[in-house]
Amino acid sequence: MRKNLSLKYFQFMSLDFIRNIRDPEKPATLEDLHVVSEDCIQIHQASDSNAVYVRIEFNPTVPHCSLATLIGLCIRVKLFRNLTDRYKLDIYIKKGAHTTEEEINKQINDKERIAAAMENPNLRELSVPEVNSIMRSSE
């Protein structure tokens with residue numbers, strides 16, 4: 001019972017970190033737009049270690065969302081900065097929710113691509129305040 005309460009707490013905490021990320025194109029948060037919700041976060045603990053696995057499945061507002069990769073990156077960066085290293089983070093687009101979900105899922109879960117994106121000056125100069133603040137705070 002205690003383990004379930006702890007995992008439920010981690011689920012709520014994870015949502016709390018990402019719920020107020022603002023959408024790059026709309027004047028609303030990811031939670032307001034139903035891009036993220038409590039149901040999109042799955043938490044489980046490995047039986048053989050202290051590692052906690054966090055899986056986020058976000059739902060872009062439209063199947064052809066051109067900024068889905070950027071949204072996934074913002075979610076990853078926000079959680080990476082707020083969770084300890086005992087967490088393993090996987091972020092995916094909800095199955096069937098985007099026309100290029102497989103390609104985007106590879107991008108937002110590939111360590112080398114993430115590192116390159118974090119160093120990309122073009123991303124740091126975006127005029128979207130939320131994205132700009134998330135990307136700049138990695139310096």
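The values are calculated or read from the model by the stated rules, or taken from the named source; none is laboratory data. Small disclaimer: the values here were computed from a predicted structure and weren't measured. FYI the Cβ positions are ideal-geometry reconstructions off the backbone, even for glycines, and counts take in every protein chain you see.
Quick notes
- Single match in 103, 112 (criterion: surrounded by fewer than 16 Cβ atoms within 10 Å (Cβ to Cβ), at pLDDT 85 or above and either more than 24 Å from residue 40 (Cβ to Cβ) or β-branched (Val, Ile, Thr) (or both)): 112
- Residues that are among the small types (Gly, Ala, Ser) and surrounded by fewer than 17 Cβ atoms within 10 Å (Cβ to Cβ), drawn from segment 59-68: 66
- Among (1) touching a helix residue (DSSP H, G or I) at 6+ places or on another chain (Cβ under 8 Å); (2) touching a residue at least 40 places away in the same chain (Cβ under 8 Å); (3) surrounded by 14 or more Cβ atoms within 10 Å (Cβ to Cβ), the one test that residue 71 misses: (1)
- Filter result for residue 19 (of a type in the set (D, E, K, R), farther than 24 Å from residue 106 by Cβ, modelled with pLDDT of 90 or more and within 12 Å of the chain's Cα centre (by Cα)): yes
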